[in-house]
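The values are calculated or read from the model by the stated rules, or taken from the named source; none is laboratory data. Just so it is clear, the model here is predicted, and its values are computed rather than measured. Note that each Cβ is placed from the backbone with ideal geometry, even for glycine, and that neighbours are counted across all protein chains shown.
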């Protein structure tokens, strides 16, 4: 589902296989001035179609999406949707993954369970790059 937003609003898509976390992150984004969640994606096979339909400025992508690493998808997403900035959201140790994610085209890696304000600040920061 595409959510209409004005041109000043940062469009954010959330991709996580946890329905509850996806909903919580969408609520966090929607409660933040100037941000709007335009897609909640809970299945990896829906990711490319949902990104094409919603055209987000920022994608917050679960590292293990559907139990499979999402890192191999990053270059494919970047090639198809160069305007969309990808933030990897991980519940695992960030350091070993950060280089792989950033080398693949993600613009940030942020831990799950961290400060929600840090996630919102990261979304805002990468939207400006």
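Candidates in the range 28-45 are the residues that are farther than 22 Å from residue 118 by Cα and under 14 Å from the mean Cα position of the chain (by Cα); of these, the one that is modelled with the lowest pLDDT is 44.
Inspection of the range 68-79 finds no residue satisfying the criterion of being surrounded by fewer than 19 Cβ atoms within 10 Å (Cβ to Cβ), touching a helix residue (DSSP H, G or I) at 6+ places or on another chain (Cβ under 8 Å) and on the phi > 0 side of the Ramachandran plot.
Do we have residue 31 as free of Cβ contacts under 8 Å to residues at least 24 places away in the same chain and within 21 Å of residue 111 (Cα to Cα) here? For residue 31, the condition - free of Cβ contacts under 8 Å to residues at least 24 places away in the same chain and within 21 Å of residue 111 (Cα to Cα) - is met.
Restricting attention to the range 20-31, report how many residues are surrounded by 19 or more Cβ atoms within 10 Å (Cβ to Cβ) and assigned to a loop (DSSP other than H, G, I, E, B). Number satisfying all stated conditions: 0. The single condition among (1) in a helix (DSSP H, G or I); (2) crowded, with 16+ Cβ neighbours inside 10 Å; (3) in contact with a helix residue (DSSP H, G or I) (Cβ under 8 Å, 6 or more places away or on another chain) that residue 109 does not meet is (1). Filter the range 38-59 down to the residues that are surrounded by fewer than 20 Cβ atoms within 10 Å (Cβ to Cβ) and over 16 Å from residue 18 (Cβ atoms) and list them by number. If the condition is that a residue be surrounded by fewer than 20 Cβ atoms within 10 Å (Cβ to Cβ) and over 16 Å from residue 18 (Cβ atoms), then 45, 48, 49, 52, 53, 55 are the ones that fit.
From 56, 116, grab the single residue that is modelled with pLDDT of 90 or more and under 11 Å from the mean Cα position of the chain (by Cα). Talk me through it step by step, then tell me what you get.
Values: 116 fails: under 11 Å from the mean Cα position of the chain (by Cα).
Unique residue meeting the criteria: 56.
Quick one: how many residues across the range 1-19 are more than 14 Å from residue 89 (Cα to Cα) and modelled with pLDDT of 95 or more?
Residues of the range 1-19 that are more than 14 Å from residue 89 (Cα to Cα), as a first pass: 1-11, 19.
Okay, now just the ones that are also modelled with pLDDT of 95 or more, so 10-11.
Here the count works out to 2.
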